[in-house]
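As structure tokens, the structure follows; a few thoughts come after it.
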């Protein structure tokens, strides 16, 4: 199932993101209770590897392009599986040595390469 998300995919940025619509960040619109329509963007999942499964958690590693939202990837996987993986469980941290963004989630662990 993970392989279905490898390669170039289309992703809709989450409502709580810094993507600007109408000159204003989506998260600001969301805080005002306004839901904005956002077109899907093309991102690339260069590599996605299963690290382990301990129900109800799935751990995986992802190498992806700039602009990829790991929490959206988790939500999209949940939709595909019909179980709604929680995107709110995703959090990120910066890996100091490599300069790569390393988001972690209860549903996965991801490494984002910048190029």
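The values are calculated or read from the model by the stated rules, or taken from the named source; none is laboratory data. What you are looking at is a predicted structure, and each value in this text was computed from that prediction instead of being measured. In this analysis, Cβ positions are derived from the backbone assuming ideal geometry, glycine residues included, and neighbour counts consider all displayed protein chains.
Observations, loosely collected:
- Count of residues meeting criterion [assigned to a strand (DSSP E or B) and at pLDDT 85 or above] in the range 61-93: 4
- Exclusive hit being modelled with pLDDT under 85 and closer than 14 Å to residue 2 by Cα, set 96, 110, 105: 110
- Checked against (1) assigned to a loop (DSSP other than H, G, I, E, B); (2) without any contact (Cβ under 8 Å) to a residue 40 or more places away in the chain, residue 17 passes all but condition (2).
- Failed condition for residue 45, given (1) touching a helix residue (DSSP H, G or I) at 6+ places or on another chain (Cβ under 7 Å); (2) modelled with pLDDT of 90 or more; (3) loosely packed, with under 15 Cβ neighbours inside 10 Å: (3)
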